[in-house]
Amino acid sequence: MKRITNIQITGTHNKPILTDVFYTENNTPKPIIIFCHGYKGFKDWGAWNQMAETFADAGFFFIKFNFSHNGGTPEQPIDFPDLDAFGNNNYSIELDDLKSVIDWITLHPDYSNEADLKNINLFGHSRAGGIVTIKAEEDSRISRVISLAGVSDYAKRMSSGKALEQWKVNGVEYVVNGRTKQNMPHYYQYFEDFKNNEDRLTIKRAVSQLKIPHLIIHGSADTSVLIEEAYNLHQWNPNSELKIIDGANHVFETSHPWSKKELTPQLQEAVDTVITFLKQ
């Protein structure tokens with residue numbers, strides 16, 4: 001299996017997009033999966049590398065990447081050495097980054113014999129479940145879309161009332177990262193970008209207008225994004241497929257770091273569900 005990591009893609013926001021590709025080199029074009037990490041996430045989190053290898057072994061051209069403003073750097077792509085970048089991230093930047101990755105693979109001659117450019121599938125975890133769904137609805141190059149423990153509403157995740165007023169006054173609010181213990185900033189531009197682009201960033205609108213196959217996977221024991229959000233997505237797009245994985249938490253019983261070669265049974269079930277969905 002071919003594995004090329006930390007390729008630097010030039011995006012539109014003055015920071016590189018670090019990208020990995022996994023595939024079996026056999027001069028046969030393979031369906032492309034582009035995977036997007038979630039909030040406080042990164043491409044090398046937990047079991048994502050093992051998941052990428054599983055998809056490559058199953059006959060897919062698998063791409064994963066760090067959003068340009070996720071807080072990582074080319075020198076340190078794991079965790080969050082650049083908190084200023086993290087604070088300046090927003091949903092519009094992530095949508096632009098995803099477009100840059102799609103553009104990159106469609107124009108990259110090195111992979112023309114290995115990647116099927118007529119079969120591009122988007123796969124997003126948690127917050128990125130919304131990102132991939134919005135992009136899939138607006139980009140005709142996308143064949144299918146998968147939401148993994150995905151959110152259904154960005155507006156509900158914004159501060160409101162007195163907290164919003166304080167955010168505007170201070171220009172920044174902080175979220176503690178339970179694992180790294182960092183105080184991670186969100187600058188007020190995050191809220192302004194959302195309000196300025198609220199129609200585009202309404203996941204319900206994108207989901208209900210999808211014209212391509214749509215898979216929703218959620219764990220029954222997810223306490224970070226409640227299972228009701230998966231039911232919402234499925235209700236808004238009755239043509240979607242919904243898969244509930246019994247007993248799975250938000251990260252399908254994985255953790256960071258992840259040293260095992262195998263996936264958890266819960267993440268393996270999610271991967272098997274995606275493979276069946278993409279091959280049908």
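Annotation note: Cβ proximity below 7 Å between a residue of segment 73-87 that is closer than 21 Å to residue 178 by Cβ and a residue that is among the hydroxyl-bearing types (Ser, Thr, Tyr) and surrounded by fewer than 18 Cβ atoms within 10 Å (Cβ to Cβ) (sequence gap 6+ or interchain) occurs for 79/180; 80/180; 81/73; 82/73.
Do the conditions hold for residue 57, that is, is it charged (D, E, K, R) and surrounded by 17 or more Cβ atoms within 10 Å (Cβ to Cβ)? Considered against the rule, which asks whether it is charged (D, E, K, R) and surrounded by 17 or more Cβ atoms within 10 Å (Cβ to Cβ), residue 57 comes out as no. If the condition is being within 18 Å of the chain's Cα centre (by Cα) and assigned to a strand (DSSP E or B), then segment 9-30 contributes 9, 16, 17, 18, 19, 20, 21, 22.
Go through segment 89-112 and give me each residue that's assigned to a loop (DSSP other than H, G, I, E, B) and farther than 19 Å from residue 176 by Cβ. The answer is 90, 108, 112.
Comparison of 113, 119 shows that the only residue that is among the polar types (S, T, N, Q), under 23 Å from residue 58 (Cα atoms), surrounded by fewer than 13 Cβ atoms within 10 Å (Cβ to Cβ) and in contact (Cβ under 8 Å) with a residue 24 or more places away in the chain is 113.
Condition first: hydroxyl-bearing (Ser, Thr, Tyr), touching a helix residue (DSSP H, G or I) at 6+ places or on another chain (Cβ under 6 Å) and modelled with pLDDT of 95 or more. Can you find one or more residues in segment 90-100 that meet it? Checked against the condition, which is being hydroxyl-bearing (Ser, Thr, Tyr), touching a helix residue (DSSP H, G or I) at 6+ places or on another chain (Cβ under 6 Å) and modelled with pLDDT of 95 or more, segment 90-100 yields at least one hit. Scanning segment 210-264 for residues that are aromatic (Phe, Trp, Tyr) and within 26 Å of residue 140 (Cα to Cα), we see that the one that is surrounded by the fewest Cβ atoms within 10 Å (Cβ to Cβ) is 231. Select from segment 255-277 the residues that are more than 22 Å from residue 145 (Cβ to Cβ) and either in contact (Cβ under 8 Å) with a residue 12 or more places away in the chain or of a type in the set (Lys, Arg) (or both) and list them in ascending order. Matches in segment 255-277: 255, 256, 257, 258, 260, 261, 262, 264, 265.
The values are calculated or read from the model by the stated rules, or taken from the named source; none is laboratory data. In this text, all values refer to a predicted model and were calculated from it rather than measured experimentally. Note: ideal-geometry Cβ built from the backbone for every residue, glycine included; neighbour counts use all protein chains shown.
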